[in-house]
Each structure stands twice: as C-alpha cells, then as structure tokens.
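The next block holds one structure in the form of structure tokens; read it before the comments.
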Amino acid sequence: MTQPSRRSAEALIAPDRSASARALGVPPFLALDVMAEAKARRAAGEQVCHLEVGQPSGPAPRAACEATARLLATGEVGYTEALGRPSLRARIARRYAEVYGVAVPPERIVVTTGSSGGFTLAFLAAFAPGARVAIPSPGYPAYRAILLALGLEPVELATGPSSRWTMTAEMVAAAHAETPLAGALAMSPANPTGVVTAPGDLADLAATCRRLGIWLVSDEIYHGLTYEAPAATALAFDDDAIIVNSFSKYFAMTGWRIGWLVAPERLVRPIERLAQNLVISSPTLSQAGAEAALDDLETPEAYRAAYAANRALLLEGLPRLGFDEILPVDGAFYAYANVARFTNDSSAFAKALLAEAGVAITPGIDFDQARGRAYVRLSFAGSEAEVAEALDRMARWLPKR
Ligand SMILES: Cc1ncc(COP(=O)(O)O)c(C=O)c1O
C-alpha cells in the first residue's frame, strides 16, 4: 500500500477537533425529532396523539417475553456467535419455507441488531467505498443517511403515480446506463407510502439487477403487514438477492433491536468478520425472545387486524378532511398524504398541527427532499382511539388555519 503524503494526511484532520465532514453530512431523522418533541409535550402534561413514528404501541408476543425472562433468570447472558444463535438462524430459515415456500439454508441467515444493523453489515460487505446505490424516493430516510455515513453514494430515483410509486427495473437500468450503479435497494411494503410492489415488478427488478451484475438489496421489514395481497420476497425471484428483515414491525419488537439478513453464501463469511468486529454479537436476550416470537403469531395477527381497522378509519376520515391524494396503503402502517391544498411547507404544517392541536405527524421532507414539502406521513400503528382522536382534532383545527 502506498503511504499518503504528509500533506494529504494533514488535510484529513478536522480543524479544532470538529466532527468529521462525513458525520456532518448525515441528515437528522426528522420523524425522531418530531417524536422527541411530542414526548416532551406529553411529559409536560399535554395530550398528544402520536401519529409520527412507525412503532407498534402494544407489547411484544407473550412467548417472546417469557423466553427472555427464562434466560434472564439463569443469569447466563453472554455473547452469542457473531452470526446469531444457531437455533434462531435455523428457525428463521424455516420461516422462509413456511411463509413463502422458499428453501433457505440456516447458514445464510445472519442475525443483526435490528434491520438497521443489517444494512450496515450488508452495505459494507457488498459495496466498495464510493459505490453508487439506487434507492427509491420517497423512501425510508435512513437508507440515504447510512449510505452517506459509510462513504457510499445514494442515487435517489423518483417514483410516482406512473409506476404506482414503485422503483422499477427500467428506472434502475436507466440510472445504471448513465453512471454505473453497484446495487439497488428495494422496499415493499414501503415506508412512507405503504405501497406493495407487485410480484411481477419485483421479479423484473431482480432479473434486471442480475443482468446488470449489480446487487439487489430487498428491505422486507413490513412483510406480514399487508391489507390486500401478501408481499413477495425477492428471494423467490433471485436466490442471490440480499434480504433485510426485522422483528421490529410485524412482531412489535422495536426496542429489542433484533433483525436478520438472508445473504448469499459468499457474503456470509465477510459479514461474519465485520459483525465480529463491529458488534461482536446481537443482544442475547433479544435473540431468545425473537426465536420464541416466531412460534407465537397470535399477537402479531391481532395487531394486524387492529392496524387494518385504523387504516379503514383514516382512509374514510382523511378524504372528508380534504386530503384528496393518499398513496395506495397496501401495507405497513402509514398513510402518505398530499397536503398541497393546505400548505406549501409540510414541516411548518406538522409543527403547527402539533403545537396547536396536539397531533404529531411527520413532514414528507424526511422521505423526499424534492417533493416532500407537499406531503405528510401519518402512522396508524397506535390505538384506534388515538387515530380517531387525531381525526377529530384535525377536523377542528384545519378550518381555523
Ligand atoms: C423501511 C424501514 N426499514 C428499516 C427500518 C429499521 O428498523 P429496525 O432497525 O428497527 O429493524 C425501518 C424503521 O422504521 C423502516 O421503516
């Protein structure tokens, strides 16, 4: 390896020990900022309806809590294997056969600290520094932020009504033709839109990525939370896709910080080396809970029914309030609504709604820097009473604007 010159090494030292340009380039996650403010207001005694954050409000499946308590009672909570407990990896692999009819060997399952930890490992394992990765816009803001933090280049591909708000194979091929991509990150059901990619479109995307020789990373964290047709896994169309998933959403286990990857065999050892050094292992107690959760679907299915009722309430209530464009809410627990008839600044709109009516929602700018000023995201992961109360408050507040 050639040594950098003294001058180039000096140029990399931040003046006055300031934060690195890389860290400063990572944007804030506005939904979490709104959540912090909403929590502060609630702590100060205000009644706040929380529609800002994608977090189930009910507890984790009982079996998860019991298994965790049993392990905790033994006091034997050491590290696990970096790739995860073998029994959990085997159980997750079995889920692919149960749910999708797809055979996955346990050796290809990697247990991670939430899907967030999975992204870091997958991106580091698959992409060279500076590589370009296509992501959909609007989209989950952390994709862009994680890629930037890792010195990768997010390439945002704008979706719209013509592709039913899905990143298509054609978009990826066109971006690749312009300047080569190293990968594309798909998500279905999507955040913030709720859109489910049709199986045929996902198959096309997988085939195109394969033809172009680029990675397909598929974020399947909202699988299980669909209200029309179930979402397909990218593994069904390309055994070589990298799948990212988590116990956070369907299993209502956000704070347990447990997720998983399905990785192609040749990435598993590189990911293991990264995991050994970056995290050593995922939380042991949470792994025990997650394994038990996979056999206790009663709670997740009850939550899904509750979300479906909330969804119906919003889809009926929002248009009556004048929200005339809501993207297709096929899955997840979000309604992404156009607010252009109320405001040209959805951040100011969301701030005023929280301050004046006590309803916390997320401005679209979090998800789409170009068009987000015209959109807001409402999460319906909370209780039916909270969603109903939010609609009432908005009905009283909107005419006064
Ligand atoms: C699309 C999407 N992917 C990934 C995540 C990260 O979830 P976790 O790290 O809790 O698994 C979220 C969280 O909201 C999300 O919406």
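On the stretch given as the range 72-108, residues that are of a type in the set (Asp, Glu) and farther than 22 Å from LEU121 by Cβ total 2. Is there a residue in the range 242-263 that is free of Cβ contacts under 8 Å to residues at least 12 places away in the same chain and away from the ligand (no atom under 11 Å from the Cβ)? So far as the range 242-263 goes, no, none of its residues is free of Cβ contacts under 8 Å to residues at least 12 places away in the same chain and away from the ligand (no atom under 11 Å from the Cβ). The residues of the range 15-35 that are open to solvent by less than 60 Å² (accessible area, probe 1.4 Å) and assigned to a helix (DSSP H, G or I), listed by number, are ALA23, LEU30, ALA31, VAL34, MET35.
Residue check: is TYR140 open to solvent by 30 Å² or more (accessible area, probe 1.4 Å) and hydroxyl-bearing (Ser, Thr, Tyr)? Here the answer is yes, as TYR140 does meet what is asked. Among the residues of the range 366-380, at least one is over 20 Å from PRO136 (Cβ atoms) and either modelled with pLDDT under 95 or among the hydrophobic types (A, V, I, L, M, F, W, C) (or both). Given the condition open to solvent by 20 Å² or more (accessible area, probe 1.4 Å), over 30 Å from ALA229 (Cβ atoms) and part of a helix (DSSP H, G or I), answer yes or no: does some residue in the range 383-392 qualify? Yes - at least one qualifying residue is present in the range 383-392.
Just one of ALA348, ALA360 is under 23 Å from TYR140 (Cα atoms) and open to solvent by 20 Å² or more (accessible area, probe 1.4 Å); which is it?
On the way: ALA360 fails: open to solvent by 20 Å² or more (accessible area, probe 1.4 Å).
Checking each option against the conditions leaves just ALA348.
Residues in the range 110-134 that are of a type in the set (A, V, I, L, M), within 15 Å of LEU274 (Cα to Cα) and open to solvent by less than 50 Å² (accessible area, probe 1.4 Å): VAL110, VAL111, LEU121, ALA122, ALA125, ALA126.
Residues of the range 30-57 being at pLDDT 85 or above and within 16 Å of the ligand (Cβ to nearest atom), which ones? Once the filter is applied, which keeps residues that are at pLDDT 85 or above and within 16 Å of the ligand (Cβ to nearest atom), the range 30-57 yields HIS50, LEU51, GLU52, GLY54, GLN55, PRO56.
The values are calculated or read from the model by the stated rules, or taken from the named source; none is laboratory data. On a predicted model such as this, the values are computed, not experimentally measured, just so you know. Ideal geometry is used to build each Cβ from the backbone, glycine not excepted, and the neighbour counts take in all protein chains shown. The protein model used for the area step is the full one, side chains on, heavy atoms only, and it has no ligands, DNA or RNA in it. Shrake-Rupley method; radii C 1.70, N 1.55, O 1.52, S 1.80 Å.
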